[in-house]
Amino acid sequence: MPYSTADIRNVCLVGPSHAGKTLLTEALLHAGGKIKEKGSIENGTTVSDYTPREKETGHSQYNSVCHLDHEGIHVNLIDTPGYRDFYGRALSVMPAAETAAVVINAREGVEMIARRMMKAAHEQRMCRMIIVNQIDGEDVKLEKVFNDIQEAFGPECLPMNLPSADGTGVVDCFFQPEGDDTAFSSVKEMHTQIVDQVVEVDEELMELYLEQGEELAPDQLHDPFEKALREEHLVPVCFVSAETGAGIRQLLQIFERLMPNPTEANPPTFLKGEGAEATEVVLTPDPDKHAIAHVFMVNIDTFKGRLGMFRIHQGTIKAGNQLFVGDARKPFKATQLLKVNGDTHTKTEAGVPGDICAVPRVDEAHYDAVLHDSHDEDHFHLKPIKLPRPMFGLAIRPKYDNDAQKTSDAQHVPEAEEPSLHVEHNATLNEVVLRGLGELHLATVLQQIKDRHGLEIVTSLPSIAYRETITAKAEGHHRHKKQTGGAGQFGEVYLRVEPLPAGGGFEFENKVVGGAIPYQFIPAVENGVRQMMKEGAMHGYPMQDVKVTVYDGKHHSVDSKEIAFVQAGRKAFIDAVAKARPIVMEPIVHVDFTLPSDCVGGVTGDLSGMRGMISGTDTLPDGRVVVSGQVPLHELQGYHSRLKSLTGGDGSFTMDFSHYAEVPVNELKQLKAAAE
């Protein structure tokens, strides 16, 4: 079906797990004629949960793009996972849509993830709506659910329909506000509230409505309705049952007739340039201008290669076009242009502004990339959205050494697909750490690596980067003498150590006079010292903030060799450090906890028990509290699970390295015992 920008509706279905988003997607595709029969989660036959693991577990783990054409309207749907650990995945695709439809389970009411998604949609300036699903569930109290919605998100949340009194369907409150009895309130009352809310953003229409008392037709309300959505003056609420189909056709009608097309929503913010010098640029959904599209999702298949899904914001993209990725000088040819429906791909000739399409086998297409057809837009990029930082980490290594290279290659595949996943390489600790948003998140990623590549991955808690340093000046000496029958080894070194300020690193100074140590052997002494700085003089941890001065020594005209002064430098350094009051240092991190107000006491109590220091608290506009402080990194390992339990999943924290501090004596004893 040919369609224009005005005919497109982009809707992102977000919300908690088990709210029924996947089945709702299935019901909409069926109602729109895209599929002949609704699939089922139990049988693993839904369009959007198409991976083997999703079919096995019965819940969404990945974002899925679908589309349908109905009554001249092209609807792009994005089904997102709802588990807390997949929150970043859902957030990452929201820039592709104008409308965020927050799906709520009628039995569970307003859950934490629904609140977070409403807030995220607000921050991204999206038009918002709420879909109450499973209205035919046992013991549901729909009036209470609606009241809770208004209490949580404001009186601007108004129903476009109401559940019928017998619970088998819904009654329209907007287009034809006359009908059957409702489960609560009345059609007339809700229709009046909706019209009152909409006309408040249009003075002329309000005057006509109030002074003349005229009933306004839906067409008269369309433009102010869109304005009310843009300004968050109205949040439509729809009641449905994806299982029985109640309210589904009415919901599709609301998508088509009331939710914004790409020309009616708040335009996305694009920037030109980087950092403080970036300036805002205005894109227009004009099909004849330069093509500009944003890659919001990347899928990498072992056999099919990379699939980059993008939303077109300006211009027209046709199959065969030459496109640039970011500021790349060399373009790629979009040999195929695809429309995506779950794991089914169909070729299309062109994509217009507002549409969602995909290009296969383009290795340069990465998440958040901008595709364009002119160098005029080389430095354009979408204003970054706020994504949760991956804080939960696991050290990973292949079960079999022969798989080291395959594992190294495989671990970067999910990282390329997902912005809330990060792979860290710690050269000092010789460790690779996979960081995500929680245990379930990383378990899913590791299972994906196993399924795709047949690799067994061993995990453990990440190592802590302990350090050694000294707190006093001291001198050290060592004579290295070795006789083996032939030419021997001889080197003698006197040196001094002293502490440097925090962050001082390492300094080496040569103050030898009179040729006591020939100049050609001084680098060997420094080499020996540096070896011990790396290996650790006392406890086996790298050293930092130490100055070493070599000031005297002896040599032998025949037996002195480089290796002798390396060994002498090592042993002299160990001797000096042992006298310089050495300590073990641990990393201290600055941490910010974002919590429900009733959980603050539990977290602050935990912090005190973790040798932490609280530096302040701050109350956010939504009533949540930010607790800031400093705590040893070691104490935070595994705290994600504790925080999830303590806050019911509604708490999070971010951390950044602050400084190193001395490990207390009792903790050092435990550290030594664990090492043994």
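The values are calculated or read from the model by the stated rules, or taken from the named source; none is laboratory data. Here the structure is a predicted model, which means the values were calculated and not measured. Note that we place each Cβ from the backbone using ideal geometry, even for glycine, and neighbour counts take in every protein chain shown. Ligands, DNA and RNA are stripped out before the accessible areas are found, and what is left, the full protein with its side chains, is counted by its heavy atoms. Shrake-Rupley method; radii C 1.70, N 1.55, O 1.52, S 1.80 Å.
General remarks:
- On inspection, Ala673 does not qualify as touching a residue at least 12 places away in the same chain (Cβ under 8 Å) and either out of contact with any His (no Cβ under 7 Å at 6 or more places or on another chain) or assigned to a strand (DSSP E or B) (or both).
- Set Ile104, Ile130: member being touching a residue at least 24 places away in the same chain (Cβ under 8 Å), assigned to a strand (DSSP E or B) and touching an Asp or Glu at 6+ places or on another chain (Cβ under 9 Å): Ile104
- Restricting attention to the stretch 479-504, the residues that are part of a loop (DSSP other than H, G, I, E, B) and open to solvent by 30 Å² or more (accessible area, probe 1.4 Å) add up to 10.
- Strands (runs of 3 or more DSSP E) within the stretch 251-346 that include 2 or more residues in contact (Cβ under 8 Å) with a residue 40 or more places away in the chain and open to solvent by less than 50 Å² (accessible area, probe 1.4 Å): 270-272, 292-301, 305-314, 322-325, 338-341
- When we screen Arg9, Arg107 for residues that are more than 19 Å from Pro414 (Cβ to Cβ) and over 26 Å from the mean Cα position of the chain (by Cα), the only hit is Arg107.
- Within the stretch 351-399, if we keep just the residues that are buried (at least 18 other Cβ atoms within 10 Å of the Cβ) and among the β-branched types (Val, Ile, Thr), the residue that is nearest to Leu446 (Cα to Cα) turns out to be Ile396.
- Neighbours by Cβ (under 6 Å, 6+ apart or cross-chain): first from the stretch 54-70, in contact (Cβ under 8 Å) with a residue 60 or more places away in the chain and closer than 17 Å to His441 by Cβ; second of a type in the set (S, T, N, Q) and assigned to a loop (DSSP other than H, G, I, E, B): Asn63/Thr80
- Test for Asp219: is it surrounded by fewer than 22 Cβ atoms within 10 Å (Cβ to Cβ) and within 30 Å of Pro267 (Cα to Cα): yes
- Residue within the stretch 198-205 that is under 26 Å from Val11 (Cα atoms) and in contact with a strand residue (DSSP E or B) (Cβ under 8 Å, 6 or more places away or on another chain) present: no
- Note on the stretch 590-600: among residues that are in contact (Cβ under 8 Å) with a residue 40 or more places away in the chain and open to solvent by 10 Å² or more (accessible area, probe 1.4 Å), the one that is nearest to Gln544 (Cα to Cα) is His590.
- Hey, Val187 within 28 Å of His18 (Cβ to Cβ) and either open to solvent by 70 Å² or more (accessible area, probe 1.4 Å) or among the aliphatic types (A, V, I, L, M) (or both) or not: no
- Just so you know, in the stretch 548-576 the residues that are closer than 30 Å to Asn666 by Cβ and in contact with a helix residue (DSSP H, G or I) (Cβ under 8 Å, 6 or more places away or on another chain) include one that is surrounded by the most Cβ atoms within 10 Å (Cβ to Cβ), and it is Phe573.
- Checking each residue in the stretch 415-447 for being in a helix (DSSP H, G or I), without any contact (Cβ under 8 Å) to a residue 60 or more places away in the chain and surrounded by 15 or more Cβ atoms within 10 Å (Cβ to Cβ) picks out Glu415, Leu442, Val445, Leu446.
- Residue satisfying condition, being modelled with pLDDT of 95 or more, within 19 Å of the chain's Cα centre (by Cα), part of a helix (DSSP H, G or I) and under 15 Å from Lys21 (Cβ atoms), within set Ala90, Ala114: Ala90
Table: residues versus (1) modelled with pLDDT of 95 or more; (2) surrounded by fewer than 22 Cβ atoms within 10 Å (Cβ to Cβ).
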| site | (1), (2) |
| --- | --- |
| Thr57 | no, yes |
| Val65 | yes, no |
| Phe86 | no, no |
| Pro95 | yes, yes |
| Met129 | yes, no |
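- Lone unmet requirement of (1) more than 30 Å from Arg329 (Cβ to Cβ); (2) touching a residue at least 40 places away in the same chain (Cβ under 8 Å); (3) among the charged types (D, E, K, R) for Asp363: (1)
- Just one of (1) within 21 Å of Cys357 (Cα to Cα); (2) open to solvent by 10 Å² or more (accessible area, probe 1.4 Å); (3) part of a helix (DSSP H, G or I) fails for Tyr50. It is (3).
- Within the stretch 646-670, being of a type in the set (A, V, I, L, M) and either part of a strand (DSSP E or B) or surrounded by 16 or more Cβ atoms within 10 Å (Cβ to Cβ) (or both) holds for Leu646, Met655, Ala661, Val663, Leu668.
- Residue among Gly629, Gly638 that alone is within 26 Å of Tyr87 (Cβ to Cβ), open to solvent by less than 80 Å² (accessible area, probe 1.4 Å) and in contact with a helix residue (DSSP H, G or I) (Cβ under 9 Å, 6 or more places away or on another chain): Gly629
Conditions (1) of a type in the set (Val, Ile, Thr); (2) in contact with a strand residue (DSSP E or B) (Cβ under 8 Å, 6 or more places away or on another chain); (3) part of a helix (DSSP H, G or I); (4) at pLDDT 85 or above, marked per residue:
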{"position": "Met585", "(1), (2), (3), (4)": "no, yes, no, yes"}
{"position": "Val591", "(1), (2), (3), (4)": "yes, yes, no, yes"}
{"position": "Thr594", "(1), (2), (3), (4)": "yes, yes, no, yes"}
{"position": "Val600", "(1), (2), (3), (4)": "yes, yes, yes, yes"}
{"position": "Thr604", "(1), (2), (3), (4)": "yes, yes, yes, yes"}
{"position": "Ile614", "(1), (2), (3), (4)": "yes, yes, no, yes"}
{"position": "Gly623", "(1), (2), (3), (4)": "no, no, no, no"}
{"position": "Val631", "(1), (2), (3), (4)": "yes, yes, no, yes"}
{"position": "Lys644", "(1), (2), (3), (4)": "no, no, yes, no"}
